[in-house]
Amino acid sequence: MSELFVICEAVEVQEEDVRSFVLARMIEGKMEPWPIIVTRKGGKFLAYENACPHGGDRLDAGTGEFFDEEGNFLKCSVHGDLFDIEDGKCFIGPAKGQNLKAIELIIDDGDICMIDDTLTDEDGMHLEEPDAHPEVMITSD
C-alpha cells in the first residue's frame, strides 16, 4: 500500500511564490536526486519537476530564481523559456508547446504531500545532481 510522503507544511508556500526541494527516490536500486518545485496560485498548490522539457536543465540553474522579471511566469534561466504557472505549458522559447512535468499533490492536515512509491525518507540534498557545479572555497593565505 502506498503512503503519503510529506514535502512541507502548506504555510511554507506563500501565494505566487516558488519553493524548491530535492527529494530522493530509488530508481533501479540506486538513490537518485529528484529536484521539484512547489508553487501556489489562487490558493491552489501546484508542483512540477524542476527540469526544463527543452534540455532537462533546472529552471533556476541553481540560483533559486524561478520567475520572469515581472513575476508572472516560471522561467528557465538557461534558455529563457516561459511557462504558465497554472498548467506548466511553455509559450515562449525553445520548449514552446511542451509542458513541465506536473506532480500530483495531496493536501493533508496542513501538509503538502504526494504519493510516489520510489520516494525515500532521505531528503536528497546530499546526493550529487547531474548538472551540479563544484563548490569553490576561497580562503586567505
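Observations on the model:
- Distance between the 7 Å Cα→Cβ label points at A102 and D116: 1.6 nm.
- Kirkwood estimate for the range 13-76, i.e. one over the average of 1/r between Cα atoms, Å: 12.6 Å
- Long-range amide H partners of F67 with built H, under 5 Å: K75
- Relative contact order (percent, whole number), the chain, Cα cutoff 8 Å, 6+ residue spacing: 28 percent
- Calculated from backbone phi, Karplus (6.51, -1.76, 1.60) coupling profile of the range 87-99 in Hz, x at Gly/Pro: 10, x, 7, 7, 10, 9, x, x, 8, 3, x, 8, 10
- Only one of (1) 31; (2) 37; (3) 60 was calculated from the structure for percent of Cα pairs over 23 Å apart, and its label is (2).
- Listed by chain and number, the lysines whose alpha-carbon sits under 25 Å from that of K41, ignoring those within fewer than 8 places in the same chain, are K75, K89, K96, K101.
- Computed over protein heavy atoms with a 1.4 Å probe, the accessible surface of the chain works out to 62 Å² per residue.
- Think of the chain as a dipole: +1 on every Lys or Arg Cβ, -1 on every Asp or Glu Cβ, centred on the Cα centre; then among I92, I37, G110, I92 lies furthest on the positive end.
The values are calculated or read from the model by the stated rules, or taken from the named source; none is laboratory data. Please read these numbers as outputs of a predicted model, since none were measured by experiment. So basically every Cβ, Gly included, is an ideal-geometry build from the backbone, and we count neighbours across all protein chains shown. Keep in mind that these areas ignore ligands, DNA and RNA; they rest on the heavy atoms of the full protein, side chains included. Shrake-Rupley method; radii C 1.70, N 1.55, O 1.52, S 1.80 Å.
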